[in-house]
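The values are calculated or read from the model by the stated rules, or taken from the named source; none is laboratory data. The structure displayed is predicted, hence computed values, not measured ones. Using ideal geometry, Cβ is built from the backbone for each residue, glycine included, and neighbour counts are taken over all protein chains shown. Just the protein is used for accessible areas: all its heavy atoms, side chains included, with ligands, DNA and RNA removed. Shrake-Rupley method; radii C 1.70, N 1.55, O 1.52, S 1.80 Å.
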Amino acid sequence: MSETAKITLEGKTYELPITTGSEGEKAIDISKLRAETGCITLDIGYKNTGSTTSKITFLDGEKGILRYRGYPIEQLAEKASFTEVAYLILNGELPNAKQLQEFEGNIRYHSLVHEDMKRFFEFFPSNAHPMGILSAMVSSLSTFYPKSQTPNRPSKDVERTIYRLIAKMPTLAAISYKYTLGHPTMYPNNKLGYVENFLHMMFGLPTEEYVADPVTVDALNKLLILHADHEQNCSASTVRMVGSSQANLYSAISAGIAALWGPLHGGANQQVIEMLETIRNDGGDIQKWVNKAKDKDDPFRLFGFGHRVYKNFDPRAQIIKKSSDQILKRLGVNDPVLDIARHLEEVALKDEYFIERKLYPNVDFYSGIIYRAIGIPTRMFTVMFAMGRLPGWIAQWKEMVEDKEPISRPRQIYTGANQRNYVPMSDRG
Ligand code: CMC
């Protein structure tokens, strides 16, 4: 007999089905609860709510496990390329050589952006944040490809939109950077791999050939893989939610970029480096900043610490921490901010406040140090996160569409004023 949960309300007992995932995780299915009992469940911030079933990413926050399509993140970060992982996340299986070649060929084919789009860049203020530009530009892509705006397109059109997004995102990101410098923009070089091409568009100049350092390529490849998906996080849920209204995929991804931008989510990587620099400029008194983070009257938080689901360690942070030492050594970079990061981690991890709340360094704690070492400007860090997360967002959207999920529409418990009559202006005092 299948397992059920029992709930008693006003003396009456109801049985609710239990859904079990392939790793044994369980959920009480409450989808008929309101119809049967008149009650909804309340879970502000969805801390304990499963919004979907998914075959893409498995995560066990207590054990620090992260797998894409069953493959451990440690193995993928060590052995795979980003495009290989993107294919895996999107299609469910690792590609063979021919499939990968075809996948990369399709991405190369779409890497240019329409020349008219360049005019948009001219009108952003020179200090515009690149995440604001990226979100606007990705949404604008839908206006250049009107077929993408019609829901339920044939699969060939959807496929083309997916390739366009993966291909054009690095081009748009690099153009936004070049504009902030006032430098000429670089066209993609389709002889190069995905990561090399991005570095070429970021750091190349029309006057000389740019050759990417293999250590840099390797580091960036790893970081993009570590960011490629993270199940139902704030931005992925946003993409699924926007997509559930049948808005086009460009708009759903643009909304995902906006959600990622926040400092509690992907924007934390920029905040971490700015925080470490502030601590250094302030004299390097780590304990003072740890005390500030613990003080309930002080809004300051230790960026790069804590996670909604990881309550022991973030496996991505462990991989990055190990690589940051190696990469900095191989690049011959001596970053004083890394010493502050190490010291801060040491102090926080011994502190009762952080131990009690299970607050550990997350993926963003060390990623900025690597981005810095390879020359990515601080304000571009979250853009790098977005480039990495793109295959995950698309896969989450695709799964939502293929599973024919209904429009997302949570309920609420209303706590406002009861019905009252309109008061004319003259009687309002
Ligand atoms: N510094 C100080 N205190 C913290 C921190 C922190 N970084 N994170 C959580 N806390 C405290 C919080 O004040 C609360 O204390 P209390 O129980 O006394 O009220 C307790 O720990 C639980 O925190 P919460 O905010 O209820 O937990 P959450 O699951 O809602 O938030 C989080 C998770 C990641 C938003 C939060 O830990 C945070 O703000 N961290 C800093 C921002 C950051 O690094 N974000 C990147 C996350 S990893 C990248 C990604 O995938 O998005």
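Is at least one residue of segment 95-110 in contact with a strand residue (DSSP E or B) (Cβ under 9 Å, 6 or more places away or on another chain), free of Cβ contacts under 8 Å to residues at least 24 places away in the same chain and of a type in the set (A, V, I, L, M, F, W, C)? Steps first, please.
Taking segment 95-110 first, the residues in contact with a strand residue (DSSP E or B) (Cβ under 9 Å, 6 or more places away or on another chain) are none.
Taking every residue of segment 95-110 in turn, none turns out to be in contact with a strand residue (DSSP E or B) (Cβ under 9 Å, 6 or more places away or on another chain), free of Cβ contacts under 8 Å to residues at least 24 places away in the same chain and of a type in the set (A, V, I, L, M, F, W, C).
Scan segment 400-427 residue by residue and report those that are outside any helix (DSSP H, G or I) and open to solvent by less than 70 Å² (accessible area, probe 1.4 Å).
Hits for segment 400-427 are GLU405, SER408, PRO410, GLY416, ALA417, VAL423, PRO424.
Taking GLU15 as the residue in question, decide whether it is under 30 Å from ALA167 (Cα atoms) and open to solvent by 40 Å² or more (accessible area, probe 1.4 Å).
Values: under 30 Å from ALA167 (Cα atoms): no; open to solvent by 40 Å² or more (accessible area, probe 1.4 Å): yes.
No.
Here are some conditions: (1) basic (Lys, Arg); (2) at positive phi; (3) more than 12 Å from the ligand (Cβ to nearest atom). ARG330 meets all but one. Which one does it not meet?
(2)
If a residue must be open to solvent by less than 20 Å² (accessible area, probe 1.4 Å) and either more than 12 Å from the ligand (Cβ to nearest atom) or under 10 Å from the mean Cα position of the chain (by Cα) (or both), how many such residues does segment 249-270 contain?
10
What is the number of the single condition among (1) away from the ligand (no atom under 15 Å from the Cβ); (2) touching a Leu at 6+ places or on another chain (Cβ under 7 Å); (3) within 28 Å of LYS311 (Cα to Cα) that GLU399 does not meet?
All conditions are met except number (2).
Does ILE286 count as assigned by TED's automatic domain parsing to the domain that holds ILE394 and more than 10 Å from the ligand (Cβ to nearest atom)?
In short, no.
Are any of the residues in segment 142-160 among the charged types (D, E, K, R), at pLDDT 90 or above, open to solvent by 10 Å² or more (accessible area, probe 1.4 Å) and not in a helix (DSSP H, G or I)?
Looking through segment 142-160, none of the residues is among the charged types (D, E, K, R), at pLDDT 90 or above, open to solvent by 10 Å² or more (accessible area, probe 1.4 Å) and not in a helix (DSSP H, G or I).
Pairs please, first residue from segment 183-203 and in the same structural domain as SER111 (by TED's automatic domain parsing), second anywhere and of a type in the set (Gly, Ala, Ser) and assigned to a helix (DSSP H, G or I), Cβ atoms under 7 Å, 6+ apart in sequence or on different chains.
Every condition considered, the pairs that remain are MET186/ALA174; PHE198/ALA174; MET201/ALA174; MET202/ALA174.
Quick one: which of GLY306, GLY368, GLY392, GLY388 is crowded, with 19+ Cβ neighbours inside 10 Å, within 8 Å of the ligand (Cβ to nearest atom) and within 29 Å of SER237 (Cβ to Cβ)?
So the residue among GLY306, GLY368, GLY392, GLY388 that is crowded, with 19+ Cβ neighbours inside 10 Å, within 8 Å of the ligand (Cβ to nearest atom) and within 29 Å of SER237 (Cβ to Cβ) is GLY306.
Tell me, which residue of segment 55-93 that is open to solvent by less than 50 Å² (accessible area, probe 1.4 Å) and of a type in the set (S, T, N, Q) is farthest from GLU10 (Cα to Cα)?
Going through the qualifying residues, I end up with SER81.
Taking segment 355-365 only, how many residues are surrounded by fewer than 20 Cβ atoms within 10 Å (Cβ to Cβ) and either assigned to a helix (DSSP H, G or I) or touching a helix residue (DSSP H, G or I) at 6+ places or on another chain (Cβ under 8 Å) (or both)?
2
Could you grab the pairs with beta carbons closer than 8 Å, sequence gap of 6+ or different chains, first residue in segment 44-62 and at pLDDT below 95 and assigned to a loop (DSSP other than H, G, I, E, B), second one more than 11 Å from the ligand (Cβ to nearest atom) and open to solvent by 70 Å² or more (accessible area, probe 1.4 Å)?
Close Cβ pairs satisfying both conditions: GLY61/ASN312; GLU62/ASN312.
Can you tell me which condition ARG342 does not meet? The list is (1) assigned to a loop (DSSP other than H, G, I, E, B); (2) among the charged types (D, E, K, R); (3) away from the ligand (no atom under 16 Å from the Cβ), and all the others hold.
Against the list (1) assigned to a loop (DSSP other than H, G, I, E, B); (2) among the charged types (D, E, K, R); (3) away from the ligand (no atom under 16 Å from the Cβ), ARG342 comes up short only on (1).
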